[in-house]
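> Here it is, the structure, as structure tokens.
The values are calculated or read from the model by the stated rules, or taken from the named source; none is laboratory data. In this text the structure is predicted, and so the values were computed from the model without any measurement. Here the Cβ positions follow ideal geometry from the backbone for every residue, glycine too, while neighbour counts run over all protein chains shown.
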Amino acid sequence: MSGESVLAVSFAVPFRYSVHFTEHVLEPDNPVLLQALRQKEPERRQRVLAVVDDGVAQAHPELCTQLRRYAVAHADGMQLLGDPVIVPGGERCKNDPSLVTGLHERMAAVGLDRQSFCLVIGGGAVLDMAGFAAATCHRGVRLVRLPTTVLAQNDSGIGVKNGVNALGMKNFVGSFAVPFAVINDFTFLSTLSRRDRIAGMAEAVKVSLVRDAAFFDWLCDNAAALARLEPSATEHMIRHCARLHAEHIAGGGDPFELGSARPLDYGHWAAHKLESLTQHRLRHGEAVGIGLALDSRYALELGMLSAEAYERIERLLLSLGFRLYDPALELRDREGRLLLLEGLREFREHLGGELTISLLEAPGRARDVHEMDSALVARCIRWLTERYRDAA
């Protein structure tokens, strides 16, 4: 036997996408959508299949008509491929595999190709589900996200992940797919319920805790304005939070999460399990709020985080309107073990076998650990339960 036995292949692919901030994106005189579609090929008439969250369609009954009028007004630059596809919003869309199949069928029927666009308008769950369908059609068609919730505009809509739930696990099936563009239209936020707007702020608290102490200070100083849903405070929060997420993706060194370190999943091991334990009665952001409190309390009990810092975190979450207790915290199996602790095992499997949890040393500074003391976690759960059960 002669010759090389190993052929090493190495290449780098540059990725670039734009994140826009605007209002009234579907007004014909607003060029943002058209520019986003044509940024790579300004002379080409772009073909677009639109997917719309049914909750957004109900809150904005003129939306589909506006989208058609926009396409007609810019017929030289874009072509809408039939009527928008309306899909269920919320976590239910990620629990129904027939929706991905249905989108694939529609994409095939309208002749979507790799240079065509899938424009997704909706909350984070719809962005995840439709984004997965787009990523697996022809191994990836161009995706433009138009997130319509606080949570999606400041977090999930900015990232490079998509997926659906399967086998009882959140995001078990999915892929990494870089969007072509993201358009944050603040006018969509006006029809959100107070509950959904508050829930979306959990990701801003999270990213401030692991990335930006000055932003954490700003959140603390402006908690009352945010809790009142003041537009200027909300929009500033979304812009800054989106920038921090984008900087992490572009400069964190691991945009496709090939390693085990995932600081932007701070508080999420518990949040994901709480969502499943409550059959998604808890919003994602509501579960994250509890997860942040739990992991911060754990860091305090471990001696990593000061009592003063913990109290500021707790006070911020409460001031924004988060509840730090849910009955699911107390659920146990037949042997009396807390079901929430199973989230650590599931999180370990999701990461590839090695548990990596970010814990706070101070707001803006986190350190990865590779094990958590189950007894200490249980003590922190009990502390939250005893402190906040009656207030829930």
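> Residues of segment 94-137 being loosely packed, with under 15 Cβ neighbours inside 10 Å and of a type outside the set (A, V, I, L, M), which ones?
Hits for segment 94-137 are PRO97, SER98, THR101, GLY102, GLU105, GLY111, ASP113, ARG114, GLN115.
> Within segment 94-129, which residues are within 18 Å of ASN184 (Cα to Cα), part of a helix (DSSP H, G or I) and out of contact with any Asp or Glu (no Cβ under 9 Å at 6 or more places or on another chain)?
ASP128 - this is the single residue of segment 94-129 that is within 18 Å of ASN184 (Cα to Cα), part of a helix (DSSP H, G or I) and out of contact with any Asp or Glu (no Cβ under 9 Å at 6 or more places or on another chain).
> Any residue that is among the small types (Gly, Ala, Ser) and touching a strand residue (DSSP E or B) at 6+ places or on another chain (Cβ under 9 Å) - is there at least one of those in segment 182-192?
no
> Any idea which of ALA287, ALA307, ALA271, ALA299 is farther than 16 Å from ARG382 by Cβ, free of Cβ contacts under 8 Å to residues at least 12 places away in the same chain and among the small types (Gly, Ala, Ser)?
The conditions single out ALA307.
> Sticking with this one: Within the group VAL25, VAL32, VAL72, VAL6, which residue is within 22 Å of the chain's Cα centre (by Cα) and of a type in the set (Val, Ile, Thr)?
VAL25
> Inspect segment 137-144 for any residue being on the phi > 0 side of the Ramachandran plot and in contact (Cβ under 8 Å) with a residue 40 or more places away in the chain and give the result as yes or no.
no
> Can you report the number of residues in segment 130-144 which are touching a helix residue (DSSP H, G or I) at 6+ places or on another chain (Cβ under 9 Å), part of a loop (DSSP other than H, G, I, E, B) and not small (Gly, Ala, Ser)?
Here the count works out to 4.
> OK, next. Could you pull out the residue among ALA214, ALA225 that is assigned by TED's automatic domain parsing to the domain that holds GLU354, without any contact (Cβ under 8 Å) to a residue 40 or more places away in the chain, under 22 Å from ALA309 (Cα atoms) and surrounded by fewer than 23 Cβ atoms within 10 Å (Cβ to Cβ)?
Answer to the selection: ALA225.
> Return the only residue of GLU342, GLU301 being modelled with pLDDT under 95, among the charged types (D, E, K, R) and part of a helix (DSSP H, G or I).
After applying the criteria, what remains is GLU342.
> Let me ask you something else. Checking LEU355 against (1) over 27 Å from LEU219 (Cα atoms); (2) out of contact with any Asp or Glu (no Cβ under 8 Å at 6 or more places or on another chain); (3) not in a helix (DSSP H, G or I), only one condition comes out false. Which one?
Against the list (1) over 27 Å from LEU219 (Cα atoms); (2) out of contact with any Asp or Glu (no Cβ under 8 Å at 6 or more places or on another chain); (3) not in a helix (DSSP H, G or I), LEU355 comes up short only on (2).
> Looking at (1) on the phi > 0 side of the Ramachandran plot; (2) in contact with an Asp or Glu (Cβ under 8 Å, 6 or more places away or on another chain), which one does GLY168 not meet, given that it meets all the others?
With respect to (1) on the phi > 0 side of the Ramachandran plot; (2) in contact with an Asp or Glu (Cβ under 8 Å, 6 or more places away or on another chain), GLY168 is out only on (2).
> Still on this structure, I have one more. Yes or no: segment 341-350 includes at least one residue that is closer than 18 Å to GLY289 by Cα, surrounded by 19 or more Cβ atoms within 10 Å (Cβ to Cβ), touching a Cys at 6+ places or on another chain (Cβ under 8 Å) and in the same structural domain as ALA214 (by TED's automatic domain parsing).
No, segment 341-350 contains no residue that is closer than 18 Å to GLY289 by Cα, surrounded by 19 or more Cβ atoms within 10 Å (Cβ to Cβ), touching a Cys at 6+ places or on another chain (Cβ under 8 Å) and in the same structural domain as ALA214 (by TED's automatic domain parsing).
> Can you say whether ARG323 is without any contact (Cβ under 8 Å) to a residue 60 or more places away in the chain and either of a type in the set (Lys, Arg) or within 26 Å of LEU244 (Cα to Cα) (or both), as far as the supplied structure shows?
No, not satisfied.
> Which condition number does HIS24 fail, the rest of (1) surrounded by 15 or more Cβ atoms within 10 Å (Cβ to Cβ); (2) touching a residue at least 12 places away in the same chain (Cβ under 8 Å) being met?
(1)
> What single numbered condition from (1) among the polar types (S, T, N, Q); (2) over 20 Å from ALA181 (Cα atoms); (3) assigned to a loop (DSSP other than H, G, I, E, B) fails to hold for ASN30?
Looking at each condition in turn, ASN30 falls short on (2).
> Same structure again: Working only within segment 333-363, note down all residues that are at positive phi and touching a Phe, Trp or Tyr at 6+ places or on another chain (Cβ under 6 Å).
none
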